[in-house]
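The structure appears below as structure tokens.
The values are calculated or read from the model by the stated rules, or taken from the named source; none is laboratory data. Being a predicted model, the structure only gives us computed values, none of them experimental. Cβ placement follows ideal geometry from the backbone for every residue including glycine, while neighbour counts extend to all protein chains displayed. We work out accessible area using only protein heavy atoms, side chains counted, and drop any ligands, DNA or RNA first. Shrake-Rupley method; radii C 1.70, N 1.55, O 1.52, S 1.80 Å.
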Amino acid sequence: WLVAAALSSASLLLWLRLREAHRRLGDAQRIIASCNDAIVTKALDGTITSWNRGAERIFGWTAPEMIGQPLRRIVPDDLIDQELDIVQRLQQGEEITALETERLCRDGRRLPMSLTISPVRDVDGRIMGASTIARDISRQKALEAEIRALAFQDPLTQLPNRRLLRDRLLQAQQASRRSGQWAAVIYLDLDGFKALNDEHG
């Protein structure tokens, strides 16, 4: 009777733990599915093993279209070397955070992204793949470009302003000091420009 009670108790405890683990797994899957960022996992050979709704929304491909495909499908040709470097770093167990790069969308657009990539380990601690959280930073990049334009361009003509001239002169001086080569500034005086500017703005 005691053995039967102990087995029943152990079975009940195991069942409760499994139910809790299942609930937590379900919660994690719902969080991943509802995340606005792309969450993608891949095997070490680069094959995509999971692709959430955020990835579908950002890149334009559905999960069935991408699972089993090589991750290189979304990596621009000129960034393949960067991807190889990422794989090498992951194999050494390194986590990569806030890496700014670009990835390809289904329609061919290059999208600026911020990536956080973590190695995925098996129960023995061996690295078996990687998990990537990719965030679309195109709005942030557009704002940065707008701020840069406001700082260095005339708002009316979009021509470079004095601040940009000073910045480029400073860069030229620094490059000249490093290289030991001369740089020149050429000043052009346009005849009658003041009258033209005063009349037409």
Open item on the list: Six or more apart or on different chains, Cβ atoms under 9 Å: show the pairs whose first residue is in the stretch 180-201 and over 18 Å from Leu165 (Cβ atoms) and whose second is of a type in the set (A, V, I, L, M, F, W, C) and open to solvent by 100 Å² or more (accessible area, probe 1.4 Å).
Closed with: Leu196/Leu190; Gly201/Leu156
Task: helices (runs of 4 or more DSSP H) lying entirely in the stretch 90-201 (those with 3 or more residues that are closer than 30 Å to Ser50 by Cβ) - done: 138-152
Task: Of the criteria (1) within 13 Å of Val40 (Cα to Cα); (2) more than 21 Å from the chain's Cα centre (by Cα), which one Leu150 fails - done: (1)
- [ ] Please identify the pairs in which a residue from the stretch 144-169 that is of a type in the set (D, E, K, R) has its Cβ atom under 8 Å from the Cβ atom of a residue that is exposed (fewer than 13 other Cβ atoms within 10 Å of the Cβ), counting only partners at least 6 apart or on another chain.
- [x] Arg163/Ala151
- [ ] Among the residues of the stretch 36-69, write down those that are open to solvent by 70 Å² or more (accessible area, probe 1.4 Å) and either touching a Pro at 6+ places or on another chain (Cβ under 7 Å) or in a strand (DSSP E or B) (or both).
- [x] Thr49
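Would it be correct to say that Arg73 is charged (D, E, K, R) and within 18 Å of Arg109 (Cα to Cα)?
Working: charged (D, E, K, R): yes; within 18 Å of Arg109 (Cα to Cα): yes.
Taking the combined requirement at face value, the residue satisfies it.
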Open item on the list: Is it the case, given these coordinates, that Arg53 is in contact (Cβ under 8 Å) with a residue 24 or more places away in the chain, under 17 Å from Ile133 (Cβ atoms) and of a type in the set (Lys, Arg)?
Closed with: no
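Every residue, every condition in (1) under 25 Å from Glu100 (Cβ atoms); (2) surrounded by fewer than 11 Cβ atoms within 10 Å (Cβ to Cβ); (3) at pLDDT below 90, yes or no:
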| residue | (1), (2), (3) |
| --- | --- |
| Lys141 | yes, no, no |
| Glu146 | yes, yes, yes |
| Ala149 | yes, no, yes |
| Phe152 | yes, no, yes |
| Leu156 | no, yes, yes |
| Leu164 | yes, no, yes |
| Leu169 | no, no, no |
| Arg177 | no, yes, no |
TODO: State all residues of the stretch 98-126 that are open to solvent by 40 Å² or more (accessible area, probe 1.4 Å), touching a residue at least 12 places away in the same chain (Cβ under 8 Å) and of a type in the set (Val, Ile, Thr); if no residue qualifies, say none.
DONE: Thr116, Val120
TODO: Just give me the residues in the stretch 80-92 being over 10 Å from Ile117 (Cβ atoms) and open to solvent by 30 Å² or more (accessible area, probe 1.4 Å), in sequence order.
DONE: Ile80, Asp81, Gln82, Leu84, Asp85, Gln88, Gln91, Gln92
